[in-house]
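Have a look at the structure below before the remarks.
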Amino acid sequence: MAESALTNSPQRGRIGPILASVAGFIVLLFFAMWLRLVPLEPDPVLQGYLQVTTGLLAFVFAAVTLVRFQGTQDRISLILGAGFLLSGTILAASSLLFFQFQQEQVQLRWAPVSWWVSRIVLALLFVVALLVEHFLPRSRHPRREIAGALLTVMASTYLITAALRRLPPEVSPHPGAVFPSPQQLLPAGIFLVALIWYRRRLELEDSAFDRTIYIAAWMNLGAQIAASQSQRLLDSPFVLAQALTVTSYAVALGGALLDNARLFEQVSHLAVSDPLTGLANYRRLLDVLEAETERTNRNGRPFAVLLLDLDGLKKINDTHGHLVGSHALNRLAHILRIHCRAIDTAARYGGDEFALVLPETLHDEAERVANRIRAVMASDPEYPQLSASIGISIYNGHGERIEKLLSDADAQLYYEKSRRGKRHPTSLTPRRRAQKA
């Protein structure tokens, strides 16, 4: 019984949101049907501005997704960006029909058709993006594909504009029916297919971009359900559909911006961190040392540098394998990370060599830190047992160079290592490390 309950719990977790979504759309449908009875004075200018706003949001979203595609080579970003760009172009162009309402009233009858076409295009490209993402998830030539996508958008815009002239301009072929505008259910059905498929992607990639795209697709589906209740130009259901569409574009744009910010933060972190241990790398260590020397030169407060060399890493690799050796480096990195103050900087700047920068620290305090690190390593019950040779250097603000500071710590480190009979002749000095880097 317990196993069956555990087995059914994930299914219940999936069925719950589906039932909630179905209930929400039923409520939305009845609300849109009730809105058919609510009189609303048409305001073409306001609707024109809504169209322009939606188009601008689509343009910005397309630009953000193209940047995301450049960094991730995720084709779904490229195709969705092209879809929003094409949809936004159609909406922005159709806004002119609303603004020209005062001069040529008949032109306004084409506005719902262009809105419907933009929804069809976006829904279809949702499905196309999922198809391409399934068979060709990553791009090898992102710049060429971006250029091809932009040319496709330009050609598609021209063809769709030409095709609009042959479409019937009526907004509601069946006024008074249960669905006065049944043509709006076509993009709704395509959005529903895309939603079911996109749910599988969310199980693999749960990013802000994917979550908000999923929410935006649901809102577009709701917009089409509301639009299917529209009986005349610019009535209440149509305005509700417009509002849901604008909101969905804003949600999608917000998610794309948040995800791009996260990606940029990750790239910035990787540029200054060691990929194995997550500590600062050699470049970041030099930046910290330069900043600390400048601060000490200003306020006269010394800082300490600890250099650590993991003992016997080659023996660990030869005896237990390189995976255990890499884990040993991570064990030492973890010890440095959790036994540092917030203002300290731990870095890995060589194969088995680490550094610890302690701002506003005297030699006695640095010795206590070194002894604490040795004690933690000695009490670690995990096998193999780890130990490290540690050298200390203090910068007192006398204009010494960073190389001299590291060289003094390195000399003390290898003095300790040689005294314990564990010196490795092949180890590199700080100057040779810098030349090698």
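Mind checking which residues of the stretch 290-332 are basic (Lys, Arg) and either touching a Pro at 6+ places or on another chain (Cβ under 8 Å) or under 28 Å from Thr361 (Cα atoms) (or both)?
Arg295, Arg298, Arg301, Arg331
Please verify whether the stretch 27-46 includes one or more residues that are within 13 Å of Ala256 (Cβ to Cβ) and touching a residue at least 24 places away in the same chain (Cβ under 8 Å). Steps first, please.
Initial filter on the stretch 27-46 (within 13 Å of Ala256 (Cβ to Cβ)): none.
No, the stretch 27-46 contains no residue that is within 13 Å of Ala256 (Cβ to Cβ) and touching a residue at least 24 places away in the same chain (Cβ under 8 Å).
If you check Gly189, Gly222, which single one turns out to be loosely packed, with under 15 Cβ neighbours inside 10 Å, modelled with pLDDT of 85 or more and outside any loop (DSSP other than H, G, I, E, B)?
Going through Gly189, Gly222 in turn, the sole match is Gly189.
Exactly one of (1) more than 26 Å from the chain's Cα centre (by Cα); (2) part of a helix (DSSP H, G or I); (3) at pLDDT below 80 is unmet by Arg144. Its number?
The one condition Arg144 does not meet is (1).
I'm told Tyr349 meets every condition in (1) under 23 Å from Leu413 (Cβ atoms); (2) at pLDDT 85 or above except one. Can you identify the failing condition by its number?
Of everything listed in (1) under 23 Å from Leu413 (Cβ atoms); (2) at pLDDT 85 or above, Tyr349 misses just condition (2).
Does Val357 satisfy being in the same structural domain as Gly391 (by TED's automatic domain parsing), in contact (Cβ under 8 Å) with a residue 12 or more places away in the chain and part of a helix (DSSP H, G or I)?
Answer is no for this residue.
Of all residues in the stretch 225-261 being among the hydroxyl-bearing types (Ser, Thr, Tyr) and not in a loop (DSSP other than H, G, I, E, B), which is surrounded by the most Cβ atoms within 10 Å (Cβ to Cβ)?
Taking the stretch 225-261 as the starting set, the residues that turn out to be among the hydroxyl-bearing types (Ser, Thr, Tyr) are 228, 230, 236, 245, 247-249.
Okay, now just the ones that are also not in a loop (DSSP other than H, G, I, E, B), so 236, 245, 247-249.
On the way: Ser236: 21, Thr245: 29, Thr247: 18, Ser248: 24, Tyr249: 26.
Among those that are among the hydroxyl-bearing types (Ser, Thr, Tyr) and not in a loop (DSSP other than H, G, I, E, B), it is Thr245.
Taking interchain pairs and intrachain pairs at least six residues apart, which have beta carbon atoms under 7 angstrom, with the first residue in the stretch 394-420 and assigned to a loop (DSSP other than H, G, I, E, B) and the second of a type outside the set (Gly, Ala, Ser) and modelled with pLDDT of 85 or more?
Partner pairs satisfying both residue conditions: Asn396/Pro302; Gly397/Thr296; Gly397/Asn297; Gly397/Pro302.
Checking Asn297 against (1) surrounded by fewer than 14 Cβ atoms within 10 Å (Cβ to Cβ); (2) assigned by TED's automatic domain parsing to the domain that holds Ile26; (3) at pLDDT 85 or above, only one condition comes out false. Which one?
Looking at each condition in turn, Asn297 falls short on (2).
Look through Leu362, Leu310 and report the one residue that is surrounded by fewer than 18 Cβ atoms within 10 Å (Cβ to Cβ) and in contact (Cβ under 8 Å) with a residue 12 or more places away in the chain.
Going through Leu362, Leu310 in turn, the sole match is Leu362.
Name the pairs: first residue in the stretch 330-345 and in contact (Cβ under 8 Å) with a residue 12 or more places away in the chain and in the same structural domain as Pro384 (by TED's automatic domain parsing), second residue crowded, with 17+ Cβ neighbours inside 10 Å and among the aromatic types (Phe, Trp, Tyr), Cβ to Cβ under 9 Å, at least 6 apart or on different chains?
Leu332/Phe354; Ala333/Phe354; Leu336/Phe354
Give Val67, Val128 a once-over and let me know the one that is of a type in the set (Val, Ile, Thr), more than 23 Å from Ala250 (Cβ to Cβ), surrounded by fewer than 19 Cβ atoms within 10 Å (Cβ to Cβ) and modelled with pLDDT of 70 or more.
Result: Val128 is the single residue among Val67, Val128 that is of a type in the set (Val, Ile, Thr), more than 23 Å from Ala250 (Cβ to Cβ), surrounded by fewer than 19 Cβ atoms within 10 Å (Cβ to Cβ) and modelled with pLDDT of 70 or more.
Give the stretch 189-232 a look and list any residue that's polar (S, T, N, Q) and without any contact (Cβ under 8 Å) to a residue 60 or more places away in the chain, or say none. If you could, list the steps in order and put the result at the bottom.
As a first pass, look at the stretch 189-232 and keep what is polar (S, T, N, Q): 207, 212, 220, 224, 228-231.
Listed by number, the residues that qualify are Ser207, Thr212.
The values are calculated or read from the model by the stated rules, or taken from the named source; none is laboratory data. A quick note: this is a predicted structure, and the numbers were derived from the prediction, not measured. When we count neighbours, we look across all protein chains shown, and the Cβ atoms used for this are built from the backbone with ideal geometry, even at glycine.
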